[in-house]
Amino acid sequence: MIGSPDVVAFTKEDEFGQNNPDPWSIPEEFSIPLHPLADSNPWAKTSYAKFTKDFILISEFSEQVGPQPLLTIPDDPKVCGTFDLNYFSLRIMSVDYQASFVGHPPGSGYPRLSFVEDSRVVLGDSKEGAFAYIHHLTLYDLEARGFVRPFCMAYVSADERKIMLQFQELSLRFSQASECLKAGNRRAFAKELQRKLQDLEYTHSVLQREEGLQREAGPQCMYSAHAVEKANELANVEKSIYEHRDLLRQISCYHCRPRRDPHAVTCQNYTDKGRKREDVQSPTDDGGGGKGAEEDEDEGIKRRSSYTPQLIKARSAKCFDKRLKTLQELCDEPFYEATMELLKETERSFRGDLCYLHTRRMDKALRRRQRITNFLFEEDLGDEDEDEGGMLRPFCAVNHDLDNYTILNPPPIVLGPEPVELDPLEPPDPLDPASETSHTQESELVLEEGNLDSSPSDQTLETQESSEETKGSFSSDKSGTGLAEKQQSLASVRSELPDPDSDLTPDADHNTDLERESSSEDMDITAGEDEGDNGGDQTPVSLLEVVSELEASMEDDCERRSGIESDLLVPIDTACCMAQEGFLYEASAPEAASHLDQSSHHQSSQTLVVNQEPQSLLPLQNDYAVGSLCSESPAAGLELPVGLLGDAVSRTTAEDGSDCTMSASTGSDRAASPLGYGGVVTLRQRKRAGHVALRFVRQYPFAIQALWCLLSGRTLVVLGADEGRVRRLVAALALFVPGPGKCGERVQAWLSCPFTLTDLKRWKLIGLQRVASPVGSSMLYSLSRYSRYISILDADQKTLRCPPYRGQLLANIADHRTYIRRGSTYFLHVQSTLCRLAAKAFLFTFTHHLHLPVSSTEGPEVVEGRRRCFLQEQLGLGEEDSQILLYLSQLVTQQYLQPPAGNSAVAPCFSFNYTTSVLYKI
Amino acid sequence: MSSGCPPQSPAVAKCEVAVEGECPLLAATFAYWDNILGPRVRHIWAPKGDQLMFLSDGEVTFLANHTLNGEILRSAECGAVDVKFFVLAEKGVIIVSLIFDGELKGDKNTCALSIILPQTELAFYLPLHTICVERLKHVIRKGRIWMQKGYNIISVLSLEIVPIMELLASMKSHSVSEDIDIRDTVLHDDDIGDSCHEDFLHKAVSSHLQTCGCSIVVGSNPEKVNKIVRTLCLFLTPAERKCSRLCRADSSFTYDTGLFVQGLLKDSTGSFVLPFRQVLYSPYPTTHIDVDINTVKQMPPCHEHMYNQRRYMRSELNTLWKTDSEEDIPPDTVIHTDETFTPDLNIFQDVMHNDTLVKSFIDEVFMLKPGLSLRSTYLAQFLLLLHRKALTLLKYIEDETQKGKKPFRSLRSLKTDLDLTVEGDLNIVMAFAEKLRAGLHSFVFGKPFYTSMQERDVLMTL
């Protein structure tokens, strides 16, 4: 047995050691602190930085004034605070390793451009509390010394760990920005060279003419000093022409150079228009071929532009007389804009505390591995594959060998204005509505993104939300959009812009987001269809057939299905699911009858009998639709249900439901709830809903009953006169609705007309208007008529009518004495609890032996008993808690066997309970 | 010295280090800023044998000199060690430099200890960066003392440079893959208890999670050891897996500080000697798992571990400070004690706290049919739950303390509110949270000199 820590030794020092320091003991500067700052406050590690949040800094090593900061992103002086950007620029520019030789190499008559690879450095200033990822790059400028202008782009943060842990992602993002900037610079440089060449050629012709005139005017065998000077000038101009042509050739051959950087990215080009230009004259014929030749084509076009050449005077500007070009001038405008956009996007995506960034990405990665149950409570993952490839993996700082690196999915760099009809040399016409529009669209998008930011920083920002939260106002925020959406939007805008520069070459290794997203969508849809087809084909005619089929071909099914699923879905053995479903039929049918007789609970599992769930007929909604209104969203619940309910008693026709086609109101307080209008409910909205949910739990001691109703599939009607209040409550309670659908299809936030039984199948949570009119009385009638199927939460009277719940499973998320202070914290707590419930439902659903007979003699009753026993003994659940698991399991089974087409939610099971409802009051 | 001749350049000493296996390190260098000559390289360490890429001494010197670029502006506090990280595509290398101040020939100089790797090893190196840097930082602390005394720092630096070369070489051949096939783990067994005893597996995983995913697995059978190593790695993030090492079949690696999970083979006598100092210097407490006798022991929780670690580091540095002769560098195997501090050598204790989280997971996961993705999915759900619980706990404490501005006094409420009343569960979630927010244990559990038992007594009275 190993002993416990030596307490005496610890206390000894505090009593004696520190009071009587040993004169021979080590000075503190050579030792380490016993109690570092991080121990006293783990949140204060970065507090001594002089800036408030991370920012991007672009600096230049100016040949005139030395290192100088140029701009910051975000461009807000408050961000940098008192941080000395000049000093930091000096620091970061002095570590550049780029030894870009420019000049006349031995044996060469012309200056040679050196295409150096970017270098990446991480360094810190521990005293200032500033750390930076620095990306060094070189731009070309005809007027600069040696034609080069060294720049760097730095991501500055107070957290060194944040930079190192995300090094590869930062490197990737900045490489993209750098390549974009350099591509634009090469274009601008080539443009400048061409103009200079035109000037030189013009000057040459003028000088030649002058010289000819002088020659003719003067004696044949004598040259005047003026003539000699002219001849020298002419020779210089000729030399200069050759040099400039050579420089143009060099810059045109940029793509032919060997890349030394194994992690280099390339600007990508998604249009082929640039390559289709004809009748171009390459300034070089050195066989640059390929990409170089394409660029030359551009140059050919450029040379025929409408530029008016000017005479160049022999006197050159002194070094300090000239004004150096700004960064914007050094780069073609669209490229510059695109670079800035990439950097802004980078700043946004890395915003926030590392801890939350890390967890968010881990969360996403783990959720991707459990797509089967995600629909229950998780926000939609969408097709943000870039996060998986581009964000998480670099963040984890693992597996970044070269192959993987190329898999990373950078934001698309589809750049530039379209110059097919226009002269590509000319800047986009500011009066041209097309270019104007595209730019405006992009800038508007940027603005919108800025406002609608739902970046990781939200999580940290929310820690400062107390005052906002305590007010309890819950306003709809339809503005939040995901990263992928932003990129998609940007990409779509950009993709309308054609390729201005042939050096933006397509790279087969780098798929675009769009390609990725569309392909993954395709895959999902395909998977869905496959599954749907299978499910459809195998829909049993009778329950007995199901059993016999299953018994006969269970193994075959396993193999075949796992084969079909391949990579599209998690390869899970469907046998258990199907078997379970089969036995659910087997068990439920007689049970249903008996339960009807016995007035006991019955979990309907007949959803598979329903021909088609109404929502599945609806057109696919855009995954990233933001702010779409209910009128555009059939999922909002205004469509007539056309299916048959499994419940024979409540069998309805389409006509029965017709009275609810006008049911949704256009109340003024619509903005109070994001639900029910077909918009994607964002994480931010869910967190805000968490605040209202926390208040609900604290305020209503019977909250646990309400949550149980929702989680066990019993429709909850929130009744109230104040629309805003009802909507807020519905938005909060919607957190607990299993499988609410991507756009909250299972939730009707506000209904101002009576509902029908069909609606109860479609909606699991309904906000119902209380009105004192004939309509109101009919609504009350519908409430009482269907009271056996629903629970009613009266927001005005503060009462709840529902069956009693005596379980323990939900005690932890519905404790009105909880000390959780903030809605966002409560939301996290609810998320973990629901995650656990989903896991248990998964376990229950896919545990084979529970749902299959052990022997042929074993009847369905035995299997059913085993299932019940599992719930009660293995999982320790009581009757009511078991109902939750059974309901969730049904949804999982249904989702798995018949995944709904497109984005519509899984058809909920319609369950009802004859247990007497109880009226709870505060 | 008035001859007008430029001062003679100090020669660059070079030593070649024999490393078993393929060492991805190209060279390590020690350079300093000479007040007359500018940046100078003093010493080069290079692995012996074939390398992935050849760098001449001139190139190494060029690179090493440049690590001191811009350091003339350095204004760090005395004793601070700053890290610079270069990826130089032009040269095809990555350089990790630790910049510090030290006394050379009576002058205060800026020095740089650097390691150089090929750029192609970036992905391999990045997960190991923190481990290398932390170990180098500590040897620099020792080196600064040595410099202060006027002794040759190279001998001290070699104490860590060589092990780091060995570590990188061993990781090159035996690191755990990022994507672990569940079929190579215990979780693929048909039934619980097939590979190892049910309770042993539960204890091992539980303790592994309680010690922040840091474990050593020892045993005589390399296959058995590696199976447990892979099983434990299933509960780690991909980055942490890349910082884990399988055991070698023929002979054991030495223990390496900083790895998350490492498999170690017992010798022919059936024993494995763990170096006390290295285990104590691990960033997290460690779980010790013996697969031969199915025992699981664990070190004290994070805050105690960190306290013990710092005490020992201080003791070690103090001993070095008091050393009288350059020849008397105390070896790492010596346990440092002095009149004020006696380290407790029994750092591994029985796992005291049971949990429900891992217990139910282990019980339940074997109910799912093996050979499909069911168990992987269930594992992902379990990990998601733990990550979320950790984040919730962190946020709860953040709210309660206004981001650490106020002391945390409501542990009991936290346990009740977040369903962490079982000690083992709390330990696991706290360990996850500690990795997200370093120093959380010390902050929550108050003064670090409390032991676990005392702390609980105190906190329960709040």
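Determine the order of A:Lys325, B:Lys48 by accessible area, beginning with the largest, at a probe radius of 1.4 Å.
Correct descending sequence by accessible area is B:Lys48, A:Lys325.
Would you kindly give the portion of the calculated P(r) for the range B:200-340 that falls above 27 Å, as a percent of all Cα pairs?
That tail contains 26 percent of the Cα-Cα pairs.
Return one number: the angle in degrees, 0 to 90 and rounded to the nearest 10, between the long axis of the Cα atoms of helix B:198-210 and the longest principal axis of the Cα atoms of chain B.
Tilt of helix B:198-210: around 50 degrees.
Counting only other chains, and only Cβ atoms inside 10 Å, what mean value do you get across the residues of B:361-370?
The mean count of partner-chain Cβ atoms within 10 Å per residue comes to 4.
Starting from the residue with the highest accessible area, list B:Glu16, B:Glu364, A:Glu378 in decreasing order, probe 1.4 Å.
B:Glu16, A:Glu378, B:Glu364
Over all directions, what mean area does the Cα convex hull of chain B project, stated in square nanometres?
Over all viewing directions, chain B projects a mean Cα-hull area of 25.4 nm².
Over 29 Å between Cα atoms, which of B:Lys203/B:Lys406; A:Lys45/B:Lys84; A:Lys45/B:Lys415; A:Lys840/B:Lys395 qualify?
B:Lys203/B:Lys406
Nearest-5 percent of antiparallel DSSP beta bridges in chain B?
75 percent
Rank B:Ser114, B:Cys15, B:Ile153 by how far each Cα sits towards the positive end of the charge dipole of the range B:13-174 (+1 on Lys, Arg Cβ; -1 on Asp, Glu Cβ) and give me just the farthest.
After comparing all options, I get B:Ile153.
Report, in deg cm²/dmol and to the nearest 500, the calculated mean residue ellipticity at 222 nm for chain B, where each DSSP H run with n ≥ 4 adds -39500 (n - 2.57) and the sum is divided by the residue count.
Taken over chain B, the calculation gives -12500 deg cm²/dmol.
Assigning unit charges at the beta carbon (Lys, Arg +1; Asp, Glu -1) and nothing else, what dipole magnitude in debye, to the nearest 20, does the range B:13-174 show about its Cα centre?
Dipole size: approximately 440 debye.
Excluding ligands and nucleic acids, what accessible area in Å² is computed for B:Cys78 using a 1.4 Å probe, to the nearest 10?
60 Å²
Suppose a student asked you for the relative contact order of the range B:13-174, using Cα pairs under 8 Å spaced at least 6 residues apart; what percent would you report?
Here the relative contact order equals 27 percent.
Bin by bin, in steps of 5 Å, what percent of the Cα pairs in the range B:13-174 do you find, going until the bin that has the longest distance?
Reading the bins upward from 0: 2, 9, 20, 24, 22, 14, 7, 3, 0, 0.
If I model a spin label as a point 7 Å beyond the Cα along the Cα-Cβ vector, how far apart are those points for B:Lys137 and B:Ala249 in nm?
For the pair B:Lys137/B:Ala249, the computed spacing is 3.9 nm.
Give me the three principal axis extents of the range B:94-135 from the C-alpha atoms, as integers in angstrom, largest value leading.
41, 19, 9
Over all residues in B:130-139, what is the mean tally of Cβ atoms on other chains that come within 10 Å of each residue's Cβ?
Going residue by residue through B:130-139 and averaging, the value is 1.
Compute the distribution of all C-alpha to C-alpha distances in the range A:779-832, in bins of 10 Å from 0, and list the percent of pairs in each, rounded to whole numbers.
Pair shares across the bins are 18, 35, 32, 15, 0.
Given a 1.4 Å probe and heavy atoms of the protein chains only, how would you sort A:Ser784, A:Ser31, largest accessible area at the top?
In descending accessible area the options line up as A:Ser784, A:Ser31.
Rolling a 1.4 angstrom probe over the protein chains, ignoring ligands and nucleic acids, what is the accessible area of B:Ile293 in square angstrom, nearest 10?
110 Å²
Work out the mean other chain Cβ neighbour count within 10 Å for the residues of A:822-835 and drop it here as an integer.
6
Pairs A:Lys742/B:Lys389; B:Lys297/B:Lys359; A:Lys50/B:Lys389: which are spaced more than 28 Å apart, C-alpha to C-alpha?
A:Lys50/B:Lys389, as the Cα separations exceed 28 Å there.
Mind scanning A:Lys162/B:Lys405; A:Lys127/B:Lys242; A:Lys78/A:Lys687; A:Lys344/B:Lys137; B:Lys91/B:Lys142; B:Lys142/B:Lys242 and naming the pairs with a C-alpha gap bigger than 24 Å?
A:Lys127/B:Lys242; A:Lys78/A:Lys687; A:Lys344/B:Lys137; B:Lys91/B:Lys142; B:Lys142/B:Lys242
The values are calculated or read from the model by the stated rules, or taken from the named source; none is laboratory data. Just so you know, these numbers come straight off a predicted model, no measurement behind them. As a convention, Cβ positions derive from the backbone with ideal geometry for all residues, glycine included, and neighbour counts pool all protein chains shown. When the accessible area is computed, the model is the full protein with side chains, heavy atoms only, and any ligands, DNA or RNA have been set aside. Shrake-Rupley method; radii C 1.70, N 1.55, O 1.52, S 1.80 Å.
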